[in-house]
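Note sheet for the following structure.
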Amino acid sequence: MKLNIFRKNSLVVAVLVGLAIASIVTVYITIWEWLENPSGIFHDQYGTNWAFVYETASSWFVPTFVNASIVTLLVHLAFKGILWLRKHRQ
């Protein structure tokens, strides 16, 4: 993949950055919650409650992905607009 696609396609940039940020935040929060284990909801003497781990991970991933992608898209479009204005102003 050429780097030029990142300069031209704001949607690709938004999705990739959104995936990266959402993945990092989700892994961090899910591990933290599993280790903290409030009220024994993540694991007990019988093992890990994977359904609750999945629910926690998805409840963090989806909104983080959407928000990070929207913010990235808007920032990328703004920078592209600024660069376009500078180029056509001269």
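List every residue whose amide H lies under 5 Å from the amide H of His43, counting only residues 5 or more places away in sequence or on a different chain, with H placed 1.01 Å from N in the peptide plane.
Here the answer is Asn49, since their amide H atoms fall under 5 Å of that of His43.
What does the net charge come to around Thr56 if you take all other residues with beta carbon closer than 15 Å to its beta carbon, with K and R at +1 and D and E at -1?
Details: positive: none; negative: Glu33, Glu36, Glu55.
Spelling it out: positives minus negatives among the neighbours equals -3.
How large a share of the accessible area of the chain, in percent, is made up of carbon and sulfur atoms when the probe is 1.4 Å and the other protein chains stay in place?
Values: 4910 of 6990 Å².
Carbon with sulfur: 70 percent of the solvent-accessible area.
Evaluate the relative contact order of the chain (contact order divided by residue number), counting alpha-carbon pairs under 8 angstrom at least 6 apart; express in whole percent.
The value is 42 percent.
Once the dipole of region 15-90 is set up with Lys and Arg at +1 and Asp and Glu at -1 on Cβ about the Cα centre, which of Val15, Gly81, Val71 lies farthest towards its positive end?
Selected residue: Gly81.
Which loop-located trypsin sites (Lys or Arg not before Pro) does the chain contain, where loop means any DSSP state but H, G, I, E or B and the Cβ has at most 10 other Cβ atoms within 10 Å?
Working: sites: Lys2, Arg7, Lys8, Lys80, Arg86, Lys87, Arg89; in loops: Lys2.
Sites meeting the loop and neighbour criteria: Lys2.
Binning every alpha carbon pair distance of the chain at 5 Å from zero, what are the percents per bin?
Percent of pairs per bin, in order: 3, 14, 17, 15, 12, 10, 8, 7, 6, 4, 2, 1, 1, 0.
For the chain, what is the accessible area per residue in Å² when the probe is 1.4 Å? It would help to have the intermediate numbers written out before the result.
Numbers: 6990 Å² over 90 residues.
That works out to 78 Å² for each residue.
In debye to the nearest 20, how big a dipole does the chain give about its Cα centre with +1 on each Lys and Arg Cβ and -1 on each Asp and Glu Cβ?
Working: 7 positive and 4 negative charges, 257 e Å.
It works out to roughly 1240 debye.
With axes computed from alpha carbons, what is the tilt in degrees of helix 10-36 against the longest principal axis of the chain, rounded to the nearest 10 within 0 to 90?
20
Taking the chain as the reference, fit the longest principal axis to its C-alpha atoms, fit the long axis of helix 50-89 to the helix C-alpha atoms, and give the angle between the two in degrees, 0 to 90, nearest 10.
Relative to the chain, helix 50-89 is tipped by roughly 10 degrees.
The values are calculated or read from the model by the stated rules, or taken from the named source; none is laboratory data. Because the structure is a prediction, the values reported are computed rather than measured. FYI the Cβ positions are ideal-geometry reconstructions off the backbone, even for glycines, and counts take in every protein chain you see. Keep in mind that these areas ignore ligands, DNA and RNA; they rest on the heavy atoms of the full protein, side chains included. Shrake-Rupley method; radii C 1.70, N 1.55, O 1.52, S 1.80 Å.
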